[in-house]
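For reference, the structure discussed in these notes is given below.
The values are calculated or read from the model by the stated rules, or taken from the named source; none is laboratory data. No experiment lies behind these values; they were computed from the predicted model shown. Methodologically, a virtual Cβ is constructed for each residue, glycine included, from the backbone with ideal geometry; neighbour enumeration extends over all protein chains shown.
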Amino acid sequence: MLFGSSVLVMSCVTTWDHRSPFECARVFNAGGARLVLCGKNWEGLESLYAALTSVADPSKTFTPKLVLLDLSDISCVEDVAKEVLDCYGCVDILINNASVKVKGPAHKISLELDKKIMDANYFGPITFTKVLLPNMISRRTGQIVLVNNIQAKFGIPFRTAYAASKHAVMGFFDCLRAEVEEYDVVVSTVSPTFIRSYQAYPEQRNWGSSICKFFCRKLTYGVHPVEVAEEVMRTVRRKKQEVFMANPVPKAAVFIRTFFPELFFAVVACGVKEKLSVPEEG
Ligand SMILES: NC(=O)c1ccc[n+]([C@@H]2O[C@H](COP(=O)([O-])OP(=O)(O)OC[C@H]3O[C@@H](n4cnc5c(N)ncnc54)[C@H](OP(=O)(O)O)[C@@H]3O)[C@@H](O)[C@H]2O)c1
C-alpha cells in the first residue's frame, strides 16, 4: 500500500461530485491512507463516504472518518484539529484543499466578504497547520500540502479577495517550509491554473491512442480533477516542495510578472479595457 496506514487529514471535500477534492480523497483512500475527511456539509461528506467505500477494496483500505468543519470558523478548526490528534495520536499528512471563490470589481465586494474569503482560504489552513505542527515537529516527520492557485503568483483583475488570500497563504507556507525543514517536516504547494469540470474530460471522447490522449490533455485549457489528484499524490510520495500545474502561457505570465512587471500590468490593463468596451448583452 502506497500510504501504508498513514493518518491523512483532508479539508474541504463536500462538493465531491465535481472538482479535485473528491479525486484526492479517492486516490489516497485507494492508496491505503487512514483518511479523515473534513467538510462543512454533512450530507456531502456522507455521499463522498458512500462513493469511496463502494469502490474500495476493504482488505487494502481503511474506513474514512468524517468530521464537520467550517474553515472560516477558527475555533471550529482548532477543535477539529485537536479532536483528530486525540483520536489518532498523530497526523502524518495534512492536505489543505479549501477554497472559497469570489469574482467582481473590488468596490462592489463588501469588506465582510473579503474577510470571509481570508478566513476560509488563509486563516483556516494556517490554524489547522499550527495546531498539528507541534506534534509533527516532536515526531520529526510529517507533510503539509496546500492546494493553491497560480493566482498566488500574479493578480488577475476582478479577483482581488481570492488572489489576495492565495498570495497570503502561499507566503505563509513558503516561510514555514524553511522553518520546519530541520525537523523533517515537508511543506508542499500544488498550484493549478484552472481545474476543468468532469464534462470537459477528453477521455469521454473516443481517443484512439494514449499519445493522442496525452497531447489533447496537455493542449486543452486547464487540468482535469483526476490530474490534480494524481499530482497531489506524486507530491506527497516524492516530497516535492512546489508544483505549478499550468500550460506555458500562465507560466510565462509568472515570469513576465517577476522580471517585466510594467509589461505585465500593461497587458492586464489592456484586457480590462477591452472587456469594459464590449457592450453587455441585453
Ligand atoms: N477550480 C479551479 O479552477 C481551481 C484552479 C486553481 C486552483 N484551485 C484550487 O484547488 C482547490 C480545490 O478547488 P476546486 O475548485 O477543485 O474545489 P471546489 O469544487 O471549489 O471545492 C472546494 C471545497 O471547499 C469547501 N469549502 C468552502 N468553504 C468552506 C469552509 N468555510 N469550510 C469548509 N469547507 C469549505 C466547499 O464545500 P461546499 O461544497 O460545502 O461548499 C468545497 O467542497 C482550492 O484550493 C482552489 O483554490 C481551483
| query | Checking D73 against (1) within 27 Å of T193 (Cβ to Cβ); (2) within 9 Å of the ligand (Cβ to nearest atom); (3) surrounded by fewer than 19 Cβ atoms within 10 Å (Cβ to Cβ), which test does it fail? | reply | (1)
| field | Only listed residue being touching a Pro at 6+ places or on another chain (Cβ under 9 Å), at pLDDT 85 or above and β-branched (V, I, T), chosen from V228, V236 | value | V228
| task | Name the helices (runs of 4 or more DSSP H) wholly inside the stretch 1-115 in which the number of residues that are under 16 Å from the mean Cα position of the chain (by Cα) is 3 or more. | result | 20-30
| request: Inspect all residues belonging to the stretch 139-154 and state whether any of them is assigned to a helix (DSSP H, G or I), among the basic types (K, R) and either within 16 Å of the ligand (Cβ to nearest atom) or free of Cβ contacts under 8 Å to residues at least 40 places away in the same chain (or both). | output: no
| Just a yes or no: is a residue in the stretch 155-176 within 16 Å of P250 (Cβ to Cβ), among the β-branched types (V, I, T) and modelled with pLDDT under 95? | yes
